[in-house]
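To keep things clear, I will list the structure first and then write my remarks on it.
Taken together, the values in this text are just the output of simple stated rules run on the coordinates, not laboratory data. Predicted model only: the values in this text are computed from it and were never measured. Every residue, glycine among them, receives a Cβ derived from its backbone with ideal geometry; neighbour counts consider all protein chains shown.
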Amino acid sequence: MRRAILCFPLALLCAAGQEPRRLALSLRQAVEMATAPGGAARLELAREAARAAEARQRQALAPLLPNVDGSYTFRSFTNNLASFGIQLPAVPGIAFPVFVGPIEVQDARASASQSLFDLAAIRRWQAAKAHARAAEMERDEALLKTKGAVARAYLNALRADAALEAARANVALAERILKMAQSQKEAGTGTGIEVTRAAAVLEQERQRMAAAAEDRAAARLGLLRAMNADLGAEIDLTDRLAYAPAEIPDPDKALEIARELRPELRAQAERLRAAERNASAAKWERAPAARAFGDYGVIGRTGSVYLPTRTAGVQVSVPLWDGGRRDARRAEAASLERAEEIRARDAVKQVEMEIRLAIESLKSAEAQVAAARESLAQAERELEQAERRVAAGVATPLEVTEAQARVARAREAVVAATFRQKAARIALGEAAGNLDLMLD
């Protein structure tokens, strides 16, 4: 039921040939819609890969299970006895035929076989089972990566919204400064150059606002693409780019959590286990294998009495010499096992590096947010003081214009720093494997 609820808004976004509908979308809703069936293509491909690996596991198990076949054979044949060297004795008055047939024979039969002992096949099945578990972990990895990609796309859309709001505020401030310069000129306390300078600043801010609007449209398209939704859909983001202090974890504790939660590490552990089983299978190919077999059916000439016949037995096969193919497979499997061991160690190092980089990025982002917010506060106070000085006639409007530019750039810096802090939190959650805790 919950899955159907999640798929419903996605269906609204993906419906073809219909008028685009507006949808209020939070960060968590965007992530849930991307990870629902029919969502992000990367996750869908990983799900199909997991299903394929499960099918290969069943294929590897088949040689260890009973194998039953049914057959029906109709034969019509002739034979030349002389061609087989059969010479019938001459009997006076009796002529023995040399040519026999045609003879028509029907045979209906069921046959079965069962592996009794085949350690190499058992190891191959265990390897396929480990590969299937690895595919499940890879599906979880794709789920984590999809969540991270959608979260970053949503965050980028929030940044674009906040940047556009800041650009609009900067345009409104520039318009107010221009009106003040025009009023002072009309009152005889200002000059034309000050009006021209304020007008030029206003046009610059309008250009920045137009670029911010374009960036906002591109960011929303990026979010829809990350969700695999209809690119013509209209969405309203319900979250806002607001700063919230983040807890900076200890790197060792974060790495310990990642060892338990990161699907890449668990998938690599399963791939290593599969390589070990394959190496063992190649080793045990030298061991004898035993199987039981049998069949039961009826046979007889067409139109005559059909008689039951059966076969039952046990076959033991002992490998002797195959031209060195088994030795080559054993060497290859051992090499692949060593390669997986190397990848396992490298994966741990990679995860540790990602965690340490994410923590350092979060520390830097926290410091940048604090500095940007303080810079904005200082710039706003400077602008207020400059306006009071100009109103008192002890300063020129140039001070106001310069203070205005610093306020505008400080607003942009706050947006950028807040975005980096949010992005660093998402990167840390993805690196540690507990991204869901960072989505609220």
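If each DSSP helix of 4+ residues adds -39,500 (n - 2.57) and the sum is divided by the residues in the chain, what number results at 222 nm, nearest 500 deg cm²/dmol?
-23500 deg cm²/dmol
I need to check one value: relative contact order of the chain, counting alpha carbon pairs closer than 8 Å and at least 6 residues apart, in percent.
The value is 23 percent.
Would you mind getting me the FRET efficiency between Trp321 and Glu360? Use the beta-carbon distance for r and R0 = 56 Å, nearest 0.05.
The computed FRET efficiency comes out at 0.40.
Please enumerate, by chain and number, the lysines with C-alpha under 24 Å from the C-alpha of Lys185, excluding those fewer than 8 residues away in the same chain.
Counting by Cα, and skipping residues close in sequence, Lys185 has no lysines nearby.
Give me the net charge for the shell around Ile359: Cβ to Cβ below 12 angstrom, other residues only, Lys and Arg +1, Asp and Glu -1.
-3
Give, as a single signed number, the net charge of other residues whose beta carbon lies under 14 Å from the beta carbon of Arg329, with Lys and Arg counted +1 and Asp and Glu -1.
So the surrounding residues net to +3.
Run the reach check for Lys179 against aspartates and glutamates, Cα to Cα strictly under 17 Å, same-chain hits fewer than 8 apart removed. What comes back?
Candidates past the 8-residue exclusion: Glu194, Glu203, Glu205, Glu384, Glu387, Glu399, Glu402.
Helix check for the chain. Which DSSP H runs span at least 20 Å along their own axis by Cα, with a mean Kyte-Doolittle hydropathy no less than -1.0? The partial results should precede the final answer.
Working: long enough: 41-61 (30 Å, -0.68); 119-187 (101 Å, -0.22); 192-227 (53 Å, -0.04); 263-284 (31 Å, -1.02); 325-392 (97 Å, -0.70); 397-432 (53 Å, 0.07).
Result, helices passing both filters: 41-61, 119-187, 192-227, 325-392, 397-432.
More than 18 Å apart: what percent of Cα pairs in segment 34-86 qualify?
Every Cα pair in segment 34-86 considered, those over 18 Å come to 68 percent.
Mark the label point 7 Å from the Cα of Thr189 along Cα→Cβ and return the residues of segment 369-402 whose backbone N is within less than 16 Å of it.
In segment 369-402, the label zone of Thr189 (backbone N under 16 Å from the point 7 Å along Cα→Cβ) covers 384-401.
In nanometres, what is the gap between the two model label sites at Arg388 and Ile94, each 7 Å from Cα along Cα-to-Cβ?
That separation, rounded to one decimal, is 14.0 nm.
Cβ under 11 Å from Tyr154's Cβ, Tyr154 left aside: what net charge do those residues give with Lys, Arg +1 and Asp, Glu -1? Could the numbers behind the result be given before it?
Details: positive: Arg28, Lys147, Arg152, Arg159, Arg220, Lys422; negative: Asp161, Asp239.
Local net charge: +4.
Over 21 Å between Cα atoms, which of Lys145/Lys422; Lys253/Lys349; Lys145/Lys363 qualify?
Listed pairs above 21 Å: Lys145/Lys363.
So what's the projected area for segment 239-303, the Cα convex hull averaged over all directions, in nm²?
If I average the Cα hull's projected area over directions, I get 14.9 nm².
Loop only per DSSP, at most 14 neighbouring Cβ atoms within 10 Å: give me the GluC sites (Glu not before Pro) in segment 224-266, ordered by residue number.
Values: sites: Glu234, Glu247, Glu256, Glu260, Glu264; in loops: Glu247.
Of the GluC sites (Glu not before Pro), the ones in loops of segment 224-266 whose Cβ has at most 14 other Cβ atoms within 10 Å are Glu247.
Leu64 label point, 7 Å along Cα→Cβ, cut-off 16 Å on backbone N: hits in segment 104-145?
Within reach of a label on Leu64: 114-133.
Report which label in (1) 38.9; (2) 20.5; (3) 24.2 holds the value of mean projected area of the Cα convex hull in nm² derived from the coordinates of this structure.
Among (1) 38.9; (2) 20.5; (3) 24.2, the one derived from this structure is (1).
Given the options Asn170, Asn67, Asn80, which has the most mean-square fluctuation in a GNM of the chain, springs set between C-alpha atoms less than 10 angstrom apart?
Judging by the Gaussian network model, the answer is Asn80.
What lysines could a cross-link reach from Lys129, if we take a straight Cα to Cα line under 24 Å and drop same-chain neighbours fewer than 8 places away?
Within reach: Lys283.
Take the chain, connect every pair of alpha-carbon atoms lying under 10 Å apart with a spring to form a Gaussian network, then pick out the residue of Phe293, Phe74, Phe117 with the largest mean-square fluctuation.
Taking springs between Cα atoms under 10 Å, the residue moving most is Phe74.
To the nearest 0.05, what FRET efficiency results for Leu307 and Arg56 with a Förster distance of 41 Å applied to their C-beta separation?
Result of the calculation: an efficiency of 0.40.
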